[in-house]
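*Asks:* Let me give you the structure first, and then I'll get to my questions.
The values are calculated or read from the model by the stated rules, or taken from the named source; none is laboratory data. Owing to the predicted nature of the structure, the values given are computational and were not obtained by experimental measurement. Virtual Cβ from ideal backbone geometry, glycine too; neighbours counted across all protein chains shown.
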Ligand code: ATR
C-alpha cells in the first residue's frame, strides 16, 4: 500500500457493489512500483446517487475515477465532456478531472485491442470477428474492431438487444454494416464456416465463476484451428469455451490482459505516465482474484 500523506492524489473506482473489484490492488501496486504519491480507493456508489458522487469529484479534488457495473451508462449525463469513443458507446469507464472539468472516456476497447496485440492476434482490416453478447463490454469490443476496419457479426440470446447495439454503433461511426444473429448452435455453425472469420470473442457472462461449468452455445466442432478465441472472462482463467477452443487447436486468450490494459490506459490518462508497469499490474490482479 502506498503511504498516504497530505500531498497524496486520490483516484478510485465506483461500482455497486464494488467489493470484488481487482482495480484497487492493480493501481496501487503500480503507484508503489513507480514511487508515485497517489492512492486508489473503492467507492460503493448507488446508481441513484451518481449525480452527487460526480459533484463529489469536484468538491473533494479527486484526480479521476474508474466506473464499473452498473454505473457506466448512468455517468455520462453528469459530465462536462465525453471523448468521441465514450459518446459512441454511451458509456464511460474512466473520468478525468482537469481542474474541475470532468471528461468521460472509455478505455475498454483500447484495452481489448492492446490485449490482442500482446498475443499478436489483431485481425487485419477486411477480416471478420464474431462477438458473443450485446451488453456493455460487447459494445466496446465491437466499436474497437470496427475502428480498425474489421467487420463484425454479433450473436446474442436476445436478438433485439443485438440489433440495438448494431443500430447505435452504425449510426455513430463508419464501417461495414454489423450483422446480427441469434446465439444458438445453428447460427454459430453457419457464421463460423466463413473462412474470413478469424476471431471469436465471448463477452457474455456465461462460464464465469461461480458458474464455470456453463458454456455459451457454440458448437465445438465449428471452431476451426485458424480462429483466435478470446473470452473476456478471467475468473476462471480457462473457461469451458477456451478449453474447447484449445482442444480444437485454436489460439486463445482470457480477459486478464484486457482488464490490465484498460486500467493502464486510465492510469496514463490520470498520471501522464506513458508506460505503466503492466506486469506488476497483472501480478497484483492475479494475487487479488477471488476464486472462493
Ligand atoms: P457486460 O456489461 O459485462 O457486457 P451485460 O451488459 O449485463 O454485461 O451483458 C451481458 C451479456 O451476456 C448479454 O449479452 C446477455 O444476453 P442478453 O442480452 O440476451 O441478456 C449475455 N448473457 C448473460 N447470461 C446469458 C445466458 N445464460 N445465455 C446467453 N447469454 C447470456
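Table: residues versus (1) over 13 Å from the mean Cα position of the chain (by Cα); (2) within 11 Å of the ligand (Cβ to nearest atom); (3) in a helix (DSSP H, G or I); (4) touching a residue at least 40 places away in the same chain (Cβ under 8 Å).
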| site | (1), (2), (3), (4) |
| --- | --- |
| 111 | no, no, yes, yes |
| 117 | yes, no, yes, no |
| 140 | no, yes, yes, yes |
| 146 | yes, no, yes, no |
| 155 | yes, yes, no, no |
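*Asks:* Considering only residues that are touching a helix residue (DSSP H, G or I) at 6+ places or on another chain (Cβ under 8 Å) and more than 18 Å from residue 68 (Cβ to Cβ), which ones fall in segment 252-270?
*Replies:* Across segment 252-270, the qualifying residues are 252, 253, 254.
*Asks:* Filter segment 182-191 down to the residues that are within 12 Å of the ligand (Cβ to nearest atom) and surrounded by fewer than 17 Cβ atoms within 10 Å (Cβ to Cβ), then identify the one that is farthest from residue 242 (Cα to Cα).
*Replies:* 182
*Asks:* What number goes with the only condition from (1) crowded, with 16+ Cβ neighbours inside 10 Å; (2) within 16 Å of the ligand (Cβ to nearest atom); (3) in contact (Cβ under 8 Å) with a residue 24 or more places away in the chain that residue 159 does not pass?
*Replies:* For residue 159, the failing item is (3).
*Asks:* Quick one: count up the residues across segment 126-138 that are within 9 Å of the ligand (Cβ to nearest atom) and in a loop (DSSP other than H, G, I, E, B).
*Replies:* 3
*Asks:* Taking the criterion of being crowded, with 20+ Cβ neighbours inside 10 Å, touching a helix residue (DSSP H, G or I) at 6+ places or on another chain (Cβ under 9 Å), closer than 26 Å to residue 256 by Cβ and at pLDDT 95 or above, would at least one residue in segment 45-58 satisfy it?
*Replies:* Yes, the conditions are met somewhere in segment 45-58.
*Asks:* Answer with yes or no whether residue 216 is surrounded by 21 or more Cβ atoms within 10 Å (Cβ to Cβ), touching a residue at least 12 places away in the same chain (Cβ under 8 Å), touching a helix residue (DSSP H, G or I) at 6+ places or on another chain (Cβ under 8 Å) and in a loop (DSSP other than H, G, I, E, B).
*Replies:* yes
*Asks:* Of the residues that make up segment 82-95, is at least one surrounded by fewer than 23 Cβ atoms within 10 Å (Cβ to Cβ), over 30 Å from residue 123 (Cα atoms) and over 14 Å from the mean Cα position of the chain (by Cα)?
*Replies:* No: zero hits.
*Asks:* Separate question: Give just the number: which of (1) under 25 Å from residue 219 (Cβ atoms); (2) away from the ligand (no atom under 14 Å from the Cβ); (3) in contact with a strand residue (DSSP E or B) (Cβ under 7 Å, 6 or more places away or on another chain) does residue 107 not satisfy?
*Replies:* Checking residue 107 against (1) under 25 Å from residue 219 (Cβ atoms); (2) away from the ligand (no atom under 14 Å from the Cβ); (3) in contact with a strand residue (DSSP E or B) (Cβ under 7 Å, 6 or more places away or on another chain), the one that fails is (1).
*Asks:* To continue, here is another question. Can you name the residue in segment 162-181 that is in a helix (DSSP H, G or I) and more than 10 Å from the ligand (Cβ to nearest atom) and is also nearest to residue 129 (Cα to Cα) among such residues? So that I can check it myself, show each step before the final result.
*Replies:* Filtering segment 162-181 down to residues in a helix (DSSP H, G or I) leaves 162-172.
Those still in the list that are more than 10 Å from the ligand (Cβ to nearest atom) too: 163, 166-172.
On the way: 163: 16, 166: 14, 167: 17, 168: 18, 169: 15, 170: 16, 171: 20, 172: 19 Å.
Per the criteria, the residue is 166.
*Asks:* Among the residues of segment 41-84, which ones are within 16 Å of the ligand (Cβ to nearest atom) and part of a helix (DSSP H, G or I)? Don't jump to the end; show me each part of the working.
*Replies:* Taking segment 41-84 as the starting set, the residues that turn out to be within 16 Å of the ligand (Cβ to nearest atom) are 47, 66-76.
Those that are within 16 Å of the ligand (Cβ to nearest atom) and part of a helix (DSSP H, G or I): 47, 75, 76.
*Asks:* Out of segment 219-235, which residues are more than 16 Å from the ligand (Cβ to nearest atom) and without any contact (Cβ under 8 Å) to a residue 60 or more places away in the chain?
*Replies:* Scanning segment 219-235 gives 220, 221, 222, 223, 224, 225, 226, 227, 229.
*Asks:* Given the criteria surrounded by 14 or more Cβ atoms within 10 Å (Cβ to Cβ), closer than 30 Å to residue 174 by Cβ and out of contact with any helix residue (DSSP H, G or I) (no Cβ under 8 Å at 6 or more places or on another chain), does residue 116 qualify? Quick ask: steps written out before the conclusion?
*Replies:* Working: surrounded by 14 or more Cβ atoms within 10 Å (Cβ to Cβ): yes; closer than 30 Å to residue 174 by Cβ: yes; out of contact with any helix residue (DSSP H, G or I) (no Cβ under 8 Å at 6 or more places or on another chain): yes.
Yes; evaluated as a whole, the condition is true for this residue.
*Asks:* Among the residues of segment 192-213, count how many are buried (at least 18 other Cβ atoms within 10 Å of the Cβ) and more than 16 Å from the ligand (Cβ to nearest atom).
*Replies:* Step one: filter segment 192-213 for residues buried (at least 18 other Cβ atoms within 10 Å of the Cβ), giving 192, 197-204, 206-208.
Next, only the ones that are more than 16 Å from the ligand (Cβ to nearest atom) stay: 192, 197-199.
Of the residues in segment 192-213, 4 are buried (at least 18 other Cβ atoms within 10 Å of the Cβ) and more than 16 Å from the ligand (Cβ to nearest atom).
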